[in-house]
Amino acid sequence: AAAAAAAAGGAAMAAAGQSPDATIALILSDDFKSMNTWGFNPFAFTHDQLVVMACTVFHNFALVARYNIPQPRLIRFVDRVRNGYNYVPYHNFDHAMCVFQVCYMMLSAESTSNLLTPLDYFAVSVGSLCHDVGHRGVNNQFEIVTQSDLAITYNDVSVMENFHGAECFRILADPRTNIVAELSGADFKEFRGTVVAAILATDMSKHVQGLKDLQARDALSLESLDDRRLFASSLLHAADVSNPALPWFMARVHAEFVSTEFRYQVRQERGLGLPVTTFMDISDVRGLAKLNMGFVDFVVAPLFAAVHEFVPELSPCITALRRNRTNWQRIADTGEDIPSRARIVARPWLDESGRVREAVGVGPYVRGPPLSGTASDKVEYDEAVRLATGTCRDEAAA
């Protein structure tokens, strides 16, 4: 299977003008095998390597063969999605790949294969990869309060999620990146409905109702489109908030980048004279710990417990949640951090002057406006990297 994936990935990257030898070496490496574990670290790879990994997942689920996707078109699709993500501290292509990989793990579970069709697998794979494309690093409320162009376009309703879904299908509408071109009319209608529903389900304002809907099901039927769509949406939502359900070395690094992006929004709110979003105004590691404990207790743990009822293979995530909750409690009690040892390959979020990059489009595809930065942002970002990669216990033990 690895050799077949390597051959497929190599052919795709060769079509995109990149070295197939390097691609094959990556796919056959031990690092690549981490894609099949709950300890996957996207920060250890370049974005070009992550593109190869994403393409290989489509092969592993036999989606390329089933839906007649040309190799060059697949690599162009994933690369276009990658280029659609802004250079913001958290909601970037690394986050997309984290969510995509967690969905991959969930979809790979034997239990899931009895609850979703191949078309659902295709929809969740595409939806997870695109679920935050074009994110500006601020939340829906900020977009609404500032009456941004997106808030006006989407009438203040699930602003960013509607935007991400629309961006996904704009990419698919381009013949050069249309990996759904061979779907029948009926299949495309179902595929589109599932992708849109799943991306919209990542709006946190829909969390409570979505969780209640899943908890109300004693069983899910493969024959029911409503059941399959609810389950697909629950998987993507769970993957989107899965950071605390991963090994500590990943949970901690994600938490640092989330808080960095929060501070960017708070800085903008203060600059515009807007009320500050209280939970984003984090001043120290104790505050970060309390924020994460609340997130685990009221959002992540209940959602994973509900999904776990249908996918018992999620047991490692349930164990990690408990362990990480204990770690955050210890940090809150003592004020002493437990940093991560996750390896991070340099990321180009900032330009040479220390400002968040403003012109980051590739070719004809233009990204949404990114955050505006200040000279102090580089110091803050560097501090986030330092905190996230400091010396601590062995990754396996954490």
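The values are calculated or read from the model by the stated rules, or taken from the named source; none is laboratory data. Remember, predicted model here, so these are calculated numbers, not experimental data. Here the Cβ positions follow ideal geometry from the backbone for every residue, glycine too, while neighbour counts run over all protein chains shown. We work out accessible area using only protein heavy atoms, side chains counted, and drop any ligands, DNA or RNA first. Shrake-Rupley method; radii C 1.70, N 1.55, O 1.52, S 1.80 Å.
Of all residue pairs spaced 6 or more apart or on separate chains, those with beta-carbon atoms under 7 Å, a first member in segment 163-187 that is within 14 Å of Asn68 (Cα to Cα) and a second member that is open to solvent by 60 Å² or more (accessible area, probe 1.4 Å) and part of a loop (DSSP other than H, G, I, E, B) are Glu182/Asn68.
With the requirement that a residue be among the hydroxyl-bearing types (Ser, Thr, Tyr) and either surrounded by 17 or more Cβ atoms within 10 Å (Cβ to Cβ) or modelled with pLDDT under 95 (or both), what does segment 149-172 give you?
Just the residues of segment 149-172 that are among the hydroxyl-bearing types (Ser, Thr, Tyr), to begin with: 153-154, 158.
Tyr154, Ser158, listed by residue number.
Search segment 43-61 for residues that are open to solvent by less than 10 Å² (accessible area, probe 1.4 Å) and pair each with any residue that is of a type in the set (Ser, Thr, Tyr) and in a helix (DSSP H, G or I) when their beta-carbon atoms are under 7 Å apart and the residues are at least 6 apart or on different chains. Qualifying pairs under 7 Å: Val52/Thr23; Val57/Tyr104; Val57/Ser125; Phe58/Ser125.
Would you check if there is a residue in segment 137-145 being aromatic (Phe, Trp, Tyr), open to solvent by 20 Å² or more (accessible area, probe 1.4 Å) and in contact with a strand residue (DSSP E or B) (Cβ under 9 Å, 6 or more places away or on another chain)?
Pass one, segment 137-145, residues aromatic (Phe, Trp, Tyr): 142.
Now restrict to residues that are open to solvent by 20 Å² or more (accessible area, probe 1.4 Å): 142.
Those left that are additionally in contact with a strand residue (DSSP E or B) (Cβ under 9 Å, 6 or more places away or on another chain): none.
Checked segment 137-145: no residue is aromatic (Phe, Trp, Tyr), open to solvent by 20 Å² or more (accessible area, probe 1.4 Å) and in contact with a strand residue (DSSP E or B) (Cβ under 9 Å, 6 or more places away or on another chain).
Contact annotation: residue pairs with Cβ atoms under 9 Å, 6 or more positions apart or on different chains, pairing a residue in segment 91-118 that is within 18 Å of Met250 (Cα to Cα) and open to solvent by 20 Å² or more (accessible area, probe 1.4 Å) with a partner that is part of a loop (DSSP other than H, G, I, E, B) and not hydrophobic (A, V, I, L, M, F, W, C), are His91/Tyr85; His91/Asp132; His91/His135; His91/Arg136; His91/Gly137; Met105/Thr37. Pairs linking a residue in segment 308-331 that is touching a residue at least 60 places away in the same chain (Cβ under 8 Å) to a residue that is open to solvent by 70 Å² or more (accessible area, probe 1.4 Å) and β-branched (Val, Ile, Thr), with Cβ atoms under 7 Å and 6 or more positions apart or on different chains, do not occur.
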